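The values are calculated or read from the model by the stated rules, or taken from the named source; none is laboratory data. Because the structure is predicted, anything quoted here is derived from the model rather than measured. FYI the Cβ positions are ideal-geometry reconstructions off the backbone, even for glycines, and counts take in every protein chain you see. These area figures cover heavy atoms from the full protein model, side chains too; ligands, DNA and RNA do not enter into them. Shrake-Rupley method; radii C 1.70, N 1.55, O 1.52, S 1.80 Å.
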Amino acid sequence: MRCACWRLGRLIFTSVAVLVSIAATAATAPDISGTWLPVQSLSSPWPEPLPLTQSARQRYAAFDPDRDEPTSFCMPLGTPRNTLSGTSPLEVLQTSDRVYFVFQPNLLNAETRRVYLDKPLPAADADRLPTWLGTSSGRWRAQTLEVETVELEPQAILNASGLSHSGALRMQERWHLERDAERGRLLVDDIVLNDPQTFTAPLRLKRVFVWAPDARLAEGQCSERLWIDQIWRHRLREHAAARKAGAR
Amino acid sequence: MLLLVMLAAAPLLRAAHPAVSREMAGVWLPDSKHSDRMPSQWPLRPEAAAARDKWLAEYGPVDTTVDDTNASCIAEAMPWPVRLIAQYPFEVLFTADRVTIFYEVFGSLRRIPIGTARNTFEMLPSAMGRSIGRWEGDTLVVETDMIRREGAGKPAGNPPVSNARRIIERWSMGKDDTGRKQLRNQITIIDPVVLSAPVTMTMRYKWSPDIAVGEYLCQQDIWDQNLQGSPSTVPWRK
């Protein structure tokens, strides 16, 4: 009987501990979900001069916007450019085991950065292809969400000036909430870009978003321009051929 | 006891959705073998059939390599993303008062608020339309309207689309023949301007926890051509 009581007590204690743990997790992770608008004036500009390696400087100088700008071809902004630039809203979706950062620039329908919490980044593997959005892992440390992102596609560029990066780029972020007397709730992302093949020293940037519950993300249809161009080109060829056939 | 305590705590964390939402959340693949096909004959109203015939007489015949918006990376409009039978995954994510569905195809994304209509101020029709959801027991009912007409009636035989089109989905959980959990979606297409009767079909999806929704770079073809001069698979892009 004594033994049974002890077991019951231990079970109750464990159950309460689990409940408290769940509640504590829910309570301690701040709620950063919702829609946010970037605030350019509070965000840090790119440093001048950029701490570029010799090869990066050459790549930068050779940038041709007509040829090398992915967005002109309706390709994604990619990470970290989606986080660092643009004026379109950011939407954050948050659960206990993941945080999704959704950008919807006028390119693809959506660029969703998936950050899985407390799940280590995969070991380096040459067979894994880089992606435009990268592979991210995060964890809550007190009130700050720390995110690390790797395996980023080097075809993506970092800004509209054509600053590129290598496949070795590693992005570290610290997302946290602040309050501004004038603007209200702010979501701040302190970013460090590590890429020894591009930068001679880690590059530190800050991106600030303001709480914008009424902002809406809309579908982008960049491809419509390409579609209309192509349809008309094709139709014009058809009409020209028909005219020629009629003339004969 | 432990399980009971955890179950009791769960609603505190996710009050807007019933327990079945935990079964629905995650990544799914279409189960094409066990899903309905599109009807071979659509119940077109006479006026809609006449309009389609007139269009075909004027602009036909349709060349799907040119006239199909998909070939130009235009996202498919509702309900085609939910009735896709190709093996592209999608992810269902439940957050407070909302369901979000991420489709790999075209990177499309659906936002489905539960019980509250979205602000439609200055809202234009879109491929995913405007959705609102509600729970009827363990069934998630989603109604969608404001669907963009362009690209919605594909030239490959699907009917035209009017501004009055509405889609009603009934998402529920079941089991497949092997006892594995299965997501089901009964889709009803209502379009009183085009269709003489609603069209209903049921899709089934396979639970796919080991699959991630990947990046869908439809425009990669054009981008590669730009960078490398590689030939396109699309005839009129060559």
Two-site label geometry, A:E69 and B:S32: point separation in nm, points 7 Å out along Cα→Cβ
3.9
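Could you state how much accessible area is buried at the A-B interface, both sides summed, with a 1.4 Å probe, in Å² to the nearest 100? Don't skip to the end; give the middle numbers.
Numbers: alone 15040 and 13320 Å², together 24450 Å².
Roughly 3900 Å².
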Per-residue HN-Hα couplings for the range A:62-73, Karplus 6.51 cos²θ - 1.76 cosθ + 1.60 at θ = phi - 60°, whole Hz, x for Gly and Pro?
8, 4, 10, x, 6, 9, 10, 8, x, 5, 5, 10
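Just subtract the alpha-carbon distance of B:L124 and B:I85 from 0.36 nm times their residue separation and send over the number in nm, one decimal. Walk me through the intermediate numbers first.
On the way: separation 39, 0.36 × 39 = 14.04 nm, distance 2.81 nm.
Roughly 11.2 nm would be gained on extension.
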Phi to ³J(HN,Hα) by Karplus 6.51 cos²θ - 1.76 cosθ + 1.60 over the range A:127-144, Hz, x for Gly, Pro:
7, 7, 7, x, 10, 5, 9, x, 10, 10, 9, x, 7, 7, 10, 6, 9, 10
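Where does each of A:W211, B:W207, B:W171 land when they are ordered by accessible area, with a 1.4 Å probe and the largest first? If you can, show how the numbers build up before the last one.
Values: A:W211 95, B:W207 70, B:W171 10 Å².
Listed by decreasing accessible area, they come as A:W211, B:W207, B:W171.
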Once phi is turned into θ = phi - 60°, what whole-Hz ³J(HN,Hα) does the Karplus curve with 6.51, -1.76 and 1.60 give for every residue of the range B:45-61, x standing for Gly and Pro?
5, x, 5, 5, 5, 5, 5, 5, 5, 5, 4, 5, 5, 7, 10, x, x
Low-density loop cleavage sites - GluC sites (Glu not before Pro) in the range A:168-204, where at most 12 other Cβ are within 10 Å (DSSP):
A:E182
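Once the Cβ-Cβ distance between A:A201 and B:A25 is put in as r, and R0 is 35 Å, what FRET efficiency do you end up with, to the nearest 0.05?
Working: r = 42 Å, r/R0 = 1.21.
The formula returns an efficiency of 0.25 here.
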Per residue, how much accessible area does the range A:19-175 show when a 1.4 Å probe rolls over the protein heavy atoms, in square angstrom?
44
Here, the range A:35-194 modelled as identical Cα point scatterers in vacuum has Debye log10 I(q)/I(0) at q = 0.08, 0.09, 0.20 Å⁻¹ of -0.24, -0.31, -1.51
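Per-residue counts of other Cβ atoms within 10 Å, averaged by peptide: what ranking do you get for B:195-205, A:128-138, highest first? Let's see the in-between values first.
On the way: B:195-205: 16.7, A:128-138: 18.5.
Output ranking for B:195-205, A:128-138: A:128-138, B:195-205.
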Average partner chain C-beta neighbours within 10 Å, per residue of B:103-109?
5
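Per the 1.4 Å probe, what fraction of the accessible area of the range A:123-201, in percent, lies on carbon and sulfur atoms? Intermediate results must be reported in sequence, preceding the final value.
On the way: 1750 of 3670 Å².
Solvent-exposed carbon and sulfur of the range A:123-201 make up 48 percent of the total.
If you average 1/r over every pair of different alpha-carbon atoms in the range A:69-124 and take one over that average, what Kirkwood value in Å do you get?
12.5
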